[in-house]
1. For residues in the stretch 174-208 being open to solvent by less than 70 Å² (accessible area, probe 1.4 Å), among the hydroxyl-bearing types (Ser, Thr, Tyr) and assigned to a helix (DSSP H, G or I), which is nearest to Ser140 (Cα to Cα)?
2. Would it be correct to say that Asn214 is open to solvent by 90 Å² or more (accessible area, probe 1.4 Å) and either under 23 Å from the mean Cα position of the chain (by Cα) or without any contact (Cβ under 8 Å) to a residue 60 or more places away in the chain (or both)?
3. Taking Asp103 as meeting all but one of (1) open to solvent by 70 Å² or more (accessible area, probe 1.4 Å); (2) of a type outside the set (Lys, Arg); (3) under 27 Å from Leu206 (Cα atoms); (4) at pLDDT 80 or above, write down the number of the exception.
4. So, of the residues in the stretch 46-68 that are β-branched (Val, Ile, Thr) and open to solvent by less than 60 Å² (accessible area, probe 1.4 Å), which turns out to be modelled with the highest pLDDT?
5. Scan (1) touching a Gly at 6+ places or on another chain (Cβ under 7 Å); (2) open to solvent by 70 Å² or more (accessible area, probe 1.4 Å) for the single condition Lys134 breaks and write down its number.
6. Starting from residues that are in contact with a helix residue (DSSP H, G or I) (Cβ under 9 Å, 6 or more places away or on another chain) and assigned to a loop (DSSP other than H, G, I, E, B), keep the ones in the stretch 26-45 and report whichever is least open to solvent (accessible area, probe 1.4 Å).
7. How about the stretch 88-100: which of its residues are open to solvent by 70 Å² or more (accessible area, probe 1.4 Å), without any contact (Cβ under 8 Å) to a residue 40 or more places away in the chain and not aromatic (Phe, Trp, Tyr)?
8. Taking the stretch 207-230, which residues are farther than 20 Å from Gln63 by Cβ and in contact with a helix residue (DSSP H, G or I) (Cβ under 7 Å, 6 or more places away or on another chain)?
Amino acid sequence: MQKEVFDPSFLEPNDSTTVWETLVNVVRQLRQLCPWDRKQTHASLRHLLIEEAYETVEALDHQDMPELSCELGDLLLQIILHSIIAEEEGHFDLADVITHVTDKMVYRHPHVFEDLQVSGVDEVLENWETLKAKEKDRTSVLSGVPIHLPALLCAYRMQQKAANVGFDFPDQSSTWEKVEEEIQEFKSAATDKERENEFGDVLFALVNYARKNNINPEDALRESNHRFRSRLGYVESKVNNIEHADHQELDSLWEESKSQ
């Protein structure tokens, strides 16, 4: 794999630097002069950070580039707000945030900024995880998976991390055998709690099978949710009251919705 040469001109000031400084100055003014902005804290802004992240993902899913531009701006605003609040409290400032992520990107990409040779993407990811573990002195390969991730995505990320250190099924076939095994255990469960536990194991095994087939299960389920919402909306638009509609009619409309 041919090594690209790093171009330091990327670090020189440009128009983006100017608009960045303008935005930061606007937020600083808001913190001083706007009653709402002035009263915000890390805790009060927490839900907005989550909402903006999900709205950004929604724009990505819809491939709506104008909306993505807006949502990325809203997400950036939250990052700047949190950084300025931390600066006011004497914890860190925007320069610390930017310096930290810059140093991290340079450190974790020795194949770009140093002389390390890599064979491809897999080796890049392997090096990333190794350097990340050293950097944070983590005792477990799962330490870097946030506990507040959606459960499906959390399972996927944990399995990825485990696979990176060799803790993995050897192939797709053995992974599917595990799915079938968990389904049988679910069917054999005797109590509500056992069924809940075994159902979770079925989902976990299915996530692993998806990973083996290069499918992100969070994305796949999100697409299924979108299709269900769209198709049910179509059915609802064709009947006066879905609660009193004939089941055969609903089934027919559901099949019809798939072609819309």
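The values are calculated or read from the model by the stated rules, or taken from the named source; none is laboratory data. Since the structure is predicted, the reported quantities are computational estimates derived from the model, not experimental observations. Positions of Cβ are backbone-derived with ideal geometry, glycine not excepted, and every protein chain shown enters the neighbour counts. The protein model used for the area step is the full one, side chains on, heavy atoms only, and it has no ligands, DNA or RNA in it. Shrake-Rupley method; radii C 1.70, N 1.55, O 1.52, S 1.80 Å.
1. By that ranking, first place goes to Thr175.
2. yes
3. Failing condition for Asp103: (3).
4. Going through the qualifying residues, I end up with Thr56.
5. (1)
6. Gln40
7. Passing the criteria: Glu89, His91, Asp96, Ile98, Thr99, His100.
8. Val207, Asn208, Tyr209, Ala210, Arg211, Lys212, Asn213, Pro217, listed by residue number.
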